[in-house]
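Undergrad: Got a structure for you, written out below as structure tokens; questions coming shortly.
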Amino acid sequence: MKRQHILLLIGLAATTLSCEKDFLDRYPQTSITPDVFFNTEEDLSLYINGLLSMPDRGSYLNDQSTDNAATTGAVEVKNIMTGSPSSQTITGGWSWGRLRTINYFLENYQKANVTAETKNHYAGLARYYRARFYHDMVKRYSDVPWYSGTLNPGDEELFKAQDPRALVMDSVMADLEFAVANVRESVPTGTPGKWAVAFMEAKIALHEGTYRKYHPELELQNTADALLQKAAATAEGIVAEGGFSIYNTGNPAADYAALFDSQDLLNNDEVILVNIYDQTKNRSQNVNSVVFGDYEQSPARDLVQTYLMADGSPFTDQAGYETFGFVAEFSGRDPRLTQTLVYPGWVREPDGAPYVQRLNKNFTGYHQLKGFVNSTDQVVLNGVDFPVHRYAEVLLILAEAKAELGTLTQTDLDNTVNLLRGRVDMPHLSLAAANANPDLFQAAKFPSLTGANQGVILEIRRERRVELAFENSRYDDLMRWHAGKLLEEIPEGMYFPGVGNYDMTGDGIPDIKLIPDGQTIPSDREENSLGVPLVYYTIGAFGGNAGVYLQNSVNGGVMVTDNRERTFLEPKYYYRPVPNTQRVLNPNLRQLFGWE
């Protein structure tokens, strides 16, 4: 069937919606009179378009909460693990204004003088938005109050306790089922169509199914399989009927990267939902200054080590991998590594010579290419589209759901994971080989993962991390896999054995010189054989005056980004407390999982 790409609608008339006061303030008001407004399809469309909210290129910065990146930023989970969190210090997230806006539409759309099919289409979109709202709330709090309609001051339901997670998620899945059945495939520019809705149904079902499977504190493990079956079935429907395919022109060194620096993803068959940017049409965004890796976020060495070798073997099977330097780390790897991170020999515009990694204290030394636009043209920089939903993730959802259910076959892998590996000319994943010889390095990260499919699930998890790196998926993945303990490890950077000269561009000629902390960097710097002065850095212990912190000070080691102990309390830190101010307003709200 023909599919509809989804664009960002410019100039949404959201200003007509003035019902954004906090729901729990108990003063929900709206300037829209139902009898006047909800009459035509145009009215319904205008209201629903006002609910449109899509991720943008800032998403390339959202892995700061994960083991994919170090950060100097004050991200919530890092503050929790290094501080003394409580319901008085964690105050964000308990906001209900958007829900009231959605429910107000669902209470009034039937007044419109339009066909039943038209009503159901717009109701489906509203329920899609409500499902996404509630899933975000469940991810944060687990049990939350379910409200299917708007409330007025004094209504008893304003003071109800939370509803059980299972009840709320049953309602979420019912909303999504209705949306998939009723939202049109062919939609006006700017609104989600059937396949964007189906994508979210599959993604949310996988998230909740695996979350229940790996989180015994919920006591919902016996309900996990039904959700995993829904995830697989919906993903199979997208594969069979959506008309999508993996973008592959036969250029394994560039096809993957093309998804993230394209001026036009509208006609890309892999992109289900796209946020369009075009500076000439007053829609622009430029994240170069913050995404590159020396502002707050910098890619972690653990992520680098996750990518396979080009022959399909684990990098961590290489003898001495722990002391590989930058150039050696990038040699003979999965091509997605050099399309995600800056690699030895990369040339930054408008320079004519290869870029030399810039090293800074508290950073890893690695730089991020995904999301970075290598251009000096402002129209190009501001006009790169953002792929909100990719078909690649549909295939990963399908493979993981079937693997968790125990129904995965080699044919399933060939039609999912191996299409992604094929794009970059990587060896195919073998079900039998993966399960016969699980990667012990990866297995140590996920001690709760056992069973006959342990090996292949580990490889699917690796594939998700690699394929979706810096696309705002890793944190949710770690939470649903019960892998929060991985966040206790402080992200590390490049390895240097100590003082000396080092090649950073891969030509065998030194580019930088590391000298001990306290030694003065000379004005007359040493030159390499090309006549180029070396870049000098002082090295020393964390917290000192050195320009680069190394694990063993002048005796070398990995670059150190932080030294504060991180503690991830289970199950407590998989959730957030209800803010104390909300419990003062509603004493029936209760804290869960040890929060006070």
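The values are calculated or read from the model by the stated rules, or taken from the named source; none is laboratory data. No experiment lies behind these values; they were computed from the predicted model shown. Quick reminder, even Gly has a Cβ in these numbers, built from the backbone with ideal geometry, and neighbours come from all protein chains shown. Protein only, heavy atoms only, side chains kept; ligands, DNA and RNA dropped before computing areas. Shrake-Rupley method; radii C 1.70, N 1.55, O 1.52, S 1.80 Å.
Undergrad: Computed FRET efficiency, Cβ-Cβ of N563 and D425, R0 45 Å: what is it to the nearest 0.05?
TA: 0.65
Undergrad: Next up: For the range 137-192, which whole-number percentage of the solvent-accessible area (1.4 Å probe, protein heavy atoms only) is attributable to carbon and sulfur atoms? Walk me through the intermediate numbers first.
TA: Details: 1060 of 2110 Å².
Whole-percent figure for carbon plus sulfur exposure: 50.
Undergrad: With a cut-off of at most 15 other beta carbons within 10 Å, and DSSP calling the residue loop, which GluC sites (Glu not before Pro) in the range 420-489 qualify? Please list them.
TA: E489
Undergrad: Would you work out which of Y343, L550, Y295 lies farthest towards the positive end of the dipole of the chain, given +1 charges on the beta-carbon of Lys and Arg and -1 on that of Asp and Glu, about the Cα centre?
TA: Y295
Undergrad: Quick one: go through the range 99-132 and flag any residue whose amide nitrogen is under 19 Å from the point 7 Å out along the Cα-to-Cβ line of E177.
TA: Output list for this probe position: 120-121, 123-132.
Undergrad: So between S86 and E107, what do we pick up on full extension, going 0.36 nm a residue minus the alpha carbon distance?
TA: 3.9 nm
Undergrad: Still on this structure, please answer the following. Counting alpha carbon pairs within less than 8 Å and at least 6 residues apart, what relative contact order, in whole percent, applies to the range 306-367? Each step should come with its number before you reach the end.
TA: Numbers: 50 pairs, mean separation 14.6, N = 62.
24 percent.
Undergrad: Considering the options N62, A74, T118, tell which one lies farthest towards the positive end of the dipole of the range 50-142, charges being +1 on Lys and Arg and -1 on Asp and Glu at the Cβ, about the Cα centre.
TA: T118
Undergrad: Using the heavy atoms of the protein chains and a 1.4 angstrom probe, tell me the accessible area per residue for the chain in square angstrom.
TA: Details: 23190 Å² over 596 residues.
Normalised by residue count, the accessible surface of the chain is 39 Å².
Undergrad: Evaluate E = 1/(1 + (r/R0)^6) for E570 and A258, where r is the Cβ-Cβ distance and R0 equals 56 Å; express this FRET efficiency to the nearest 0.05.
TA: Once rounded, the FRET efficiency stands at 0.90.
Undergrad: Read phi for every residue in the range 528-545 and hand back ³J(HN,Hα) as whole Hz from Karplus 6.51 cos²θ - 1.76 cosθ + 1.60, θ = phi - 60°, with x for Gly and Pro.
TA: Once θ is set to phi - 60°, the couplings for the range 528-545 become 8, 5, 8, x, 9, x, 6, 8, 9, 9, 8, 10, x, 7, 4, x, x, 9 Hz.
Undergrad: Less than 11 Å Cβ to Cβ from D385, Lys/Arg counted +1 and Asp/Glu -1: what total charge do the surrounding residues give?
TA: Charge balance in the 11 Å sphere: -2.
Undergrad: Now a separate question. Give me the dipole magnitude in Debye, nearest 20, for the range 195-254 about the Cα centre, with unit charges on the beta carbon: positive for Lys and Arg, negative for Asp and Glu.
TA: So the dipole magnitude of the range 195-254 works out to roughly 120 debye.
Undergrad: Another question, then. Spelling out what I want: for every residue of the range 563-580, take phi, set θ = phi - 60°, compute 6.51 cos²θ - 1.76 cosθ + 1.60 (Karplus), and round to whole Hz; glycine and proline get x.
TA: 9, 7, 4, 10, 10, 9, 6, 9, x, 3, 7, 6, 9, 10, x, 5, x, 4
Undergrad: Okay, moving on. Distance in nm between label sites at L585 and A436, each 7 Å beyond Cα in the beta-carbon direction?
TA: 6.1
Undergrad: Compute the helix-to-body angle for 165-182: its Cα long axis versus the longest principal axis of the chain, expressed 0 to 90° and rounded to tens.
TA: Roughly 80 degrees, rounded to the nearest 10.
Undergrad: Right, next: Of the listed peptides 237-244, 385-392, what is their order by residue-averaged count of other C-beta atoms within 10 Å, with the highest listed first? Before the final figure, lay out each step's value.
TA: Working: 237-244: 17.4, 385-392: 24.4.
Ranking the peptides 237-244, 385-392 by packing returns 385-392, 237-244.
Undergrad: Can you tell me how much longer the chain between E42 and A541 gets when fully stretched, taken as 0.36 nm per residue apart minus their C-alpha distance, in nm with one decimal?
TA: So the chain would gain 173.2 nm between E42 and A541.
Undergrad: Karplus couplings for the range 308-316 from phi (6.51 cos²θ - 1.76 cosθ + 1.60, θ = phi - 60°), rounded to Hz, Gly and Pro as x?
TA: 6, 6, 4, 8, x, 8, x, 4, 6
Undergrad: Thinking of the chain as a set of Cα atoms, what percent of all their pairs are more than 41 Å apart?
TA: Beyond 41 Å sits 28 percent of the P(r) for the chain.
Undergrad: Oh, and also: Quick check on the chain: helices-only [θ] at 222 nm, where DSSP H runs of length 4 and up contribute -39,500 (n - 2.57) each and the sum goes over total residues. Nearest 500, please.
TA: -10000 deg cm²/dmol, from helical runs alone.
Undergrad: Defining a contact as two alpha carbons under 8 Å apart and six or more residues distant in sequence, what relative contact order in percent does the range 373-444 show?
TA: Once normalised by length, the contact order is 20 percent.
Undergrad: Of the options G484, P497, T450, report the single residue whose Cα projects farthest towards the positive end of the charge dipole of the range 400-518 (beta-carbon charges: Lys, Arg +1; Asp, Glu -1).
TA: T450
Undergrad: Any idea what the dipole of the chain comes to, in debye rounded to 20, about its Cα centre with Lys/Arg Cβ at +1 and Asp/Glu Cβ at -1? If you can, show how the numbers build up before the last one.
TA: Numbers: 52 positive and 75 negative charges, 209 e Å.
The dipole magnitude comes to about 1000 debye.
Undergrad: Quick one: pull the percent of accessible area on the range 458-529 belonging to carbon and sulfur, 1.4 Å probe, ligands and nucleic acids left out.
TA: Details: 1190 of 2720 Å².
Carbon and sulfur together cover 44 percent of it.
Undergrad: Under the definition of Cα pairs under 8 Å and six or more residues apart, what whole-number percent is the relative contact order of the chain?
TA: 19
Undergrad: Given the Cα-Cα distance of E596 and A74 and 0.36 nm per residue of separation, how much length would full extension add, in nm? Numbers along the way, then the final one.
TA: Details: separation 522, 0.36 × 522 = 187.92 nm, distance 2.24 nm.
Computed gain between E596 and A74 is 185.7 nm.
Undergrad: Next question. Placing unit charges on C-beta atoms (Lys and Arg positive, Asp and Glu negative, everything else neutral), compute the dipole magnitude of the range 267-417 about its Cα centre in debye, rounded to 20.
TA: Working: 11 positive and 20 negative charges, 99 e Å.
Rounded to the nearest 20 debye, it is 480 debye.
Undergrad: Of all beta bridges DSSP finds with both residues in the chain, what is the antiparallel percent, to the nearest 5?
TA: 75
Undergrad: Taking Cα atoms, how many degrees apart are the long axis of helix 116-141 and the longest axis of the chain, rounded to 10 and kept between 0 and 90?
TA: 50
Undergrad: While we're here: Output the pairs from K213/K370; K111/K203; K230/K370; K78/K485; K78/K402; K203/K402 with a Cα-Cα distance over 22 Å in this structure; if there are none, say none.
TA: K213/K370; K111/K203; K230/K370; K78/K402
Undergrad: Okay, next question. Give me the angle, in degrees from 0 to 90, between the Cα long axis of helix 454-467 and the longest principal axis of the Cα atoms of the chain, rounded to the nearest 10.
TA: Tilt relative to the chain: about 90 degrees.
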